[in-house]
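Undergrad: One structure, as structure tokens, below. Some questions next.
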Amino acid sequence: MPGVLEIRDLHKKFDTHHVINGFSLDVVEGTLSCLVGPNGAGKTTLMDLISGRLKPTSGSVNFRGFELTGMSENQIAKCGVGRKFQVPAVFKDLSVEENLEVAYSHVTNPIRNMFRFSDAGMKRRLDEVCLLVGLQDRLHTEAGLLSHGETQWLEIGMVLMQEPQLLLLDEPIAGMTEVEVEKTARLLREIRKSATLIVVEHDMGFVRQIADVVTVMHMGSLLAQGRIDEIEADPKVRDVYLGTEEEIA
Ligand SMILES: Nc1ncnc2c1ncn2[C@@H]1O[C@H](COP(=O)(O)OP(=O)(O)OP(=O)(O)O)[C@@H](O)[C@H]1O
């Protein structure tokens, strides 16, 4: 099946340090892929290259026919690629609703910010997103007063305001309670109904819960890709990442 995202022979060097080393990948539309691999494998750098935060040394990142490598971060966002970082970047003094409004205006058009209260499209999206991330009862709460989990969901909501077709998430459950993790798993499966997701994740229990496809990186290259059971049984993945059976369990 053709990929909605096609990465070909991607390289990124920081001086002499070859961090992404001939990485190629096809991501199928409507799937939730988990990107795993040892510390320093290049996962975050890869997300930075897809979202335009970094420029590759060479290679191609094609999303829905658009070559992203020559585009700015903002242009890439407008093409439908949304990114959520591990550390939330919400505006703590603004309410949940205001944060979502700002996120909507930011990508559509900054000038829209001035007219946001009369924007019916934004209101519709705000209602949809609040319901999806479960913050409909916290609309008027200052973001700084939210729990850790709620803050993460707000930030996911802020990215969703831009209606991304591809959503990149960096370790979304870091620091969450068990209940929050369950809720986040449900949320990501729900988002998957209308978008493709790539989630960088270390927690293999969570990966088992959510992933359609698992992509394993090692030293800047693709080591393996497949269903979770295939990945967990793959000797080369066990060698460099998962370790022994006891460690997997
Ligand atoms: N701006 C930079 N300059 C130099 N080296 C960098 C830079 N950014 C990342 N690196 C190096 O690139 C390598 C890959 O880092 P990256 O953060 O992408 O790995 P990762 O797989 O996300 O690791 P982790 O799971 O620990 O977050 C590391 O050795 C890191 O030190």
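Undergrad: Pull up the range 135-180, narrow it to residues that are hydrophobic (A, V, I, L, M, F, W, C) and within 16 Å of the ligand (Cβ to nearest atom), then point me to the one that is nearest to Arg64 (Cα to Cα).
TA: Leu168
Matching residues to (1) out of contact with any Lys or Arg (no Cβ under 7 Å at 6 or more places or on another chain); (2) not charged (D, E, K, R):
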position: Glu6; (1), (2): yes, no
position: Lys12; (1), (2): yes, no
position: Ile20; (1), (2): no, yes
position: Ser24; (1), (2): no, yes
position: Val36; (1), (2): yes, yes
position: Asn39; (1), (2): yes, yes
position: Thr44; (1), (2): yes, yes
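Undergrad: Which condition from (1) surrounded by 14 or more Cβ atoms within 10 Å (Cβ to Cβ); (2) over 18 Å from the mean Cα position of the chain (by Cα); (3) within 16 Å of the ligand (Cβ to nearest atom); (4) more than 28 Å from Gly205 (Cα to Cα) is the one that Val19 breaks?
TA: All conditions pass for Val19, except number (4).
Quick grid of which residues meet (1) under 24 Å from Glu182 (Cα atoms); (2) modelled with pLDDT of 95 or more:
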position	(1), (2)
Val102	no, no
Pro110	no, no
Gly121	no, no
Asp127	yes, no
Val133	yes, yes
Leu146	yes, yes
Leu154	yes, yes
Met161	yes, no
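Undergrad: Quick one: which of Ile173, Ile191, Ile210 is closer than 27 Å to Leu126 by Cβ, β-branched (Val, Ile, Thr), in contact with a Phe, Trp or Tyr (Cβ under 6 Å, 6 or more places away or on another chain) and crowded, with 17+ Cβ neighbours inside 10 Å?
TA: Ile173
Undergrad: Filter the range 1-16 for residues that are more than 16 Å from the ligand (Cβ to nearest atom) and surrounded by 16 or more Cβ atoms within 10 Å (Cβ to Cβ) and give the result.
TA: Across the range 1-16, the qualifying residues are Gly3, Val4, Leu5, Glu6.
Undergrad: Any idea which of Ile76, Ile50 is buried (at least 22 other Cβ atoms within 10 Å of the Cβ), within 15 Å of the chain's Cα centre (by Cα), within 13 Å of the ligand (Cβ to nearest atom) and outside any strand (DSSP E or B)?
TA: Criteria check complete, one pass: Ile50.
Undergrad: Going by what's in this entry, would Val216 be described as of a type outside the set (Asp, Glu), outside any helix (DSSP H, G or I) and in contact with a strand residue (DSSP E or B) (Cβ under 6 Å, 6 or more places away or on another chain)?
TA: Taking the combined requirement at face value, the residue satisfies it.
Undergrad: Let me ask another. Might you let me know whether the range 33-43 holds any residue that is in a strand (DSSP E or B), more than 16 Å from the ligand (Cβ to nearest atom) and surrounded by 14 or more Cβ atoms within 10 Å (Cβ to Cβ)?
TA: Within the range 33-43, none of the residues are in a strand (DSSP E or B), more than 16 Å from the ligand (Cβ to nearest atom) and surrounded by 14 or more Cβ atoms within 10 Å (Cβ to Cβ).
The values are calculated or read from the model by the stated rules, or taken from the named source; none is laboratory data. Because the structure is predicted, anything quoted here is derived from the model rather than measured. Every residue, glycine as well, gets a Cβ built from its backbone with ideal geometry; the counts of neighbours run over all protein chains shown.
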